[in-house]
Amino acid sequence: MDLSVGMFISVPIVASSIPLAVGGALANSMAGLDRVNAVFIGDASVEEGVFHESANFASLKKLPVIFVCENNLYSVYTPLRQRQPDRPLTNLAAAHGIPSVTADGNDVEAVYAATQSAVTRARRGDGPTFLVFDTYRWREHCGPNFDNQLGYRSEAEYEEWRKRCPIERATAKLRQSGALSDAATAAMIAEIGKVIDEAFDFAKAAPLPRASTAGEHIYA
Amino acid sequence: MPDATAAIRTISYGEAIREGLTEAARRDPTVFMMAEGVDDPSSVFGTIAGIAKNVGGDRVVEMPVAENALTGIAIGAALSGRRPVISLHRVEFALLALEQIFNNAAKAHYISNGRHKVPIVIRCIVGRGWGQGPEHSQSLESLFSYIPGLKVVMPAFPRDAKGLITAAVEDNNPVIMIEHRWCHYVTGEVPDGYYREDLIGSRPHGDGNDITIVATSYMTLEAVRAAEALNTLGYSATVIDLRVLRPLNMEPIIASVRKTGRLLTVDTGWRTLGPGAEIVSQVAQTCFDALKSPPRRMGLPDHPAPSSRGLVQDFYPNAETILAEACSMIGVAPARVGAVRADLAEKRGKVPVDVPDPFFKGPF
């Protein structure tokens, strides 16, 4: 949680954050605040009932909330085709009267444009938008490793998606247009690398919290 | 404390809740109500009737039939600076929202190292009688009282209904308010205007020497009646109306047991793993030396509430059975107890077991 950058909350129960985002949008609209809430969900979240309950309400009340569905085709090891019938994810939003935009989730500019349209709608008071960004998960569901050796998907599928790396594509485009030079790239990598290194050093050097504080912050 | 000039008058528990909520909404513009059928003619058994007129319709939000999202949306609104008061109506509907309640409501403050706050009030009603049966009669306070981060209140009398719901709305924590359906009819003295009862613990009725009876919600009314009957036998009880189940304040209970030496608890839900179980455990651990006899617990037997009037005859503790249990613990001669029990039964008369006893309308 870091409200200074608008990072509000993250919860581990799939789809549990969806009504929180809608409730925040309700509060913002009651307070007359010009704020838009975005909730990031995976392709499996829309299988949970609470997604539909929340979408129904957000649509009914025309709340300033964006449902950002990162469709990476997998729920842990189970592919989308084994979990849902063969129809577009956007049908689920249409069922609640919510317009959708589908875009290549590995194309930075396409993602930006789709999001901008949703933010504009929300700010205009026209209600929620359902964004579907098609993308892929390279590594394991939880952890830093690769796990294709487990055999739940083909190496070929993985390689196809790797070719569509969003960073490589964006970089290539910027280089081609001349907006990004080798020197600028090197400088950015060095600078950001330094921030990351400092964060790691800080984390490794920081002491663990004391066990005696484990019972704090039960009640406000 | 009520304003010194506040009039004290007799109103019902349901009206007291409505007053508390109206006053809270008037004082704080971030308070809003949300429920299914929030504006319908029954208005949650009259407890929110007319509030929309008093505070503006935009603060009374109708919710489609979606308890899980209703609760999550309210929690999200609370996290974002509002003070929602939601009614899940029957406590059974809260079962559909337990993940939101046990996780997001109860733990957001802890997980965020104290930064997030969830000032939500979740009202639930315990049904009884009229054939409501197994899934409209449960008393599930133990589920909520189990979870760190929640507060749980169960007022029995109108004054506390108003005072506790006022404090619940003002509390920066999630508060589950469990109202017994039969308590909505109870009348009693309630201060006018703003009235708050801190969420710190129980309230004693009487100052007896022979037994401490700790009861919750509707069972407090039955326990008070049993205590009056006990007086006619020459013994006295302190009835402790628990009121606040979490955080549980054992101090007044321990102090009373040190005086009387006997403890009887009476729950509105199943006896197994009810609030009485926790109270008896703590008393045994803390003041075992003060006990003259083993503590006992009363509650519902281990089966669901039947619908049929025939099947529910022996289901609920009542003043008579509470009296019998207390007398058994004290050692009163059974013949003497029998006479007083018969008297109680006669006073109850022809009132069927599954409708509220008019005696309990009060005023108290």
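The values are calculated or read from the model by the stated rules, or taken from the named source; none is laboratory data. These figures come from a predicted structure and were not determined experimentally. Neighbour counts run over all protein chains shown; Cβ positions are idealised from the backbone, glycine included. The protein model used for the area step is the full one, side chains on, heavy atoms only, and it has no ligands, DNA or RNA in it. Shrake-Rupley method; radii C 1.70, N 1.55, O 1.52, S 1.80 Å.
For chain A, the mean residue ellipticity at 222 nm estimated from helices alone is -13000 deg cm²/dmol, where every DSSP H run of n ≥ 4 contributes -39500 (n - 2.57) and the total is divided by all residues, rounded to the nearest 500.
D by Stokes-Einstein for chain B, Kirkwood Rh over Cα pairs, 10 °C, 1.306 mPa s: 76 µm²/s. Accessible area buried by the pairing of A and B, both sides summed with a 1.4 Å probe, works out to roughly 2700 Å². Remark: spin-label model distance B:GLN285-A:GLU157 equals 5.2 nm, labels positioned 7 Å along the Cα→Cβ axis.
What is the percent carbon and sulfur in the accessible area of chain A, measuring with a 1.4 Å probe over the protein chains and ignoring ligands? Within chain A, the accessible surface is 58 percent carbon and sulfur. Taking each DSSP H run with n ≥ 4 as -39500 (n - 2.57) and averaging over every residue of chain B yields -10500 deg cm²/dmol at 222 nm.
Available extension along the chain between B:THR272 and B:ASN209 is 19.9 nm, counting 0.36 nm per residue and deducting the alpha carbon span. Length, then width, then depth: along the principal axes, the Cα atoms of the protein assembly as shown run 101, 52, 49 Å. Based on the Cβ-Cβ distance of B:GLU62 and B:ASP28, what FRET efficiency does E = 1/(1 + (r/R0)^6) give at R0 = 35 Å, to the nearest 0.05? That pair, B:GLU62 with B:ASP28, gives E of 0.95. The mean sequence distance of close C-alpha pairs (under 8 Å, at least 6 residues apart), as a share of the length of chain B, puts its relative contact order at 17 percent.
Peptides A:119-126, A:152-159 ranked from most to least packed, by the mean per-residue count of other Cβ atoms within 10 Å: A:119-126, A:152-159. Counted over the protein assembly as shown, the DSSP beta bridges are approximately 20% antiparallel.
Looking at the stretch B:54-80, which residues lose a minimum of 50 Å² of accessible area between their chain alone and all protein chains in place, measuring with a 1.4 Å probe and not counting ligands or nucleic acids? The answer is B:PRO64, B:ILE73, B:SER80 - residues whose exposure falls by at least 50 Å² when every protein chain is included. Using only the alpha-carbon atoms of the stretch B:305-348 as identical scatterers, what base-10 log of I(q)/I(0) does the Debye formula give at q = 0.17, 0.22, 0.26, 0.32 Å⁻¹? The Cα Debye sum returns log10 ratios of -0.55, -0.77, -0.91, -1.08. In angstrom, the C-alpha Rg and Dmax of the stretch B:1-52 are 12.3, 37. Report the calculated FRET efficiency for B:LYS292 and A:ALA31 (r = Cβ-Cβ distance, R0 = 60 Å), to the nearest 0.05. After rounding to 0.05, the efficiency reads 0.55.
Please say if the stretch A:1-61 is rounded, prolate or oblate, where rounded means a/c under 1.5 for a ≥ b ≥ c the square roots of the C-alpha gyration tensor eigenvalues, and otherwise the choice is prolate for a/b larger than b/c and oblate otherwise? Judged from the Cα gyration tensor, the stretch A:1-61 comes out oblate (a/c at least 1.5, b/c at or above a/b). Net charge around A:SER16, counting only other residues with Cβ within less than 15 Å of its Cβ (Lys, Arg = +1; Asp, Glu = -1)? Within the 15 Å Cβ shell, the charges total -4. FRET efficiency for the B:GLN313 to B:ASP192 pair, using the beta carbon distance and R₀ = 45 Å, is estimated at 0.60. For the stretch B:22-173, taking Cα atoms only, Rg and Dmax work out to 14.9, 47 Å respectively. What does the charge count near B:ASP357 come to, summing +1 for each Lys or Arg and -1 for each Asp or Glu among other residues with Cβ under 12 Å from its Cβ? Summing Lys/Arg as +1 and Asp/Glu as -1 gives +3.
In the stretch A:206-220, the residues whose accessible area drops by at least 50 square angstrom when the other protein chains are added to the isolated chain are A:HIS217, A:ILE218, A:TYR219, A:ALA220; the probe is 1.4 Å and only protein heavy atoms count. In the full protein context, the protein assembly as shown carries 46 Å² of accessible surface per residue, based on a 1.4 Å probe and ignoring ligands, DNA and RNA. Give me the angle, in degrees from 0 to 90, between the Cα long axis of helix B:218-232 and the longest principal axis of the Cα atoms of chain B, rounded to the nearest 10. It works out to around 30 degrees. Extension gain, A:THR120 to A:VAL195: 0.36 nm times the residue separation minus the Cα-Cα distance gives 23.7 nm. Along its principal axes, the stretch A:1-140 has C-alpha extents of 43, 32, 29 angstrom, given from the largest down.
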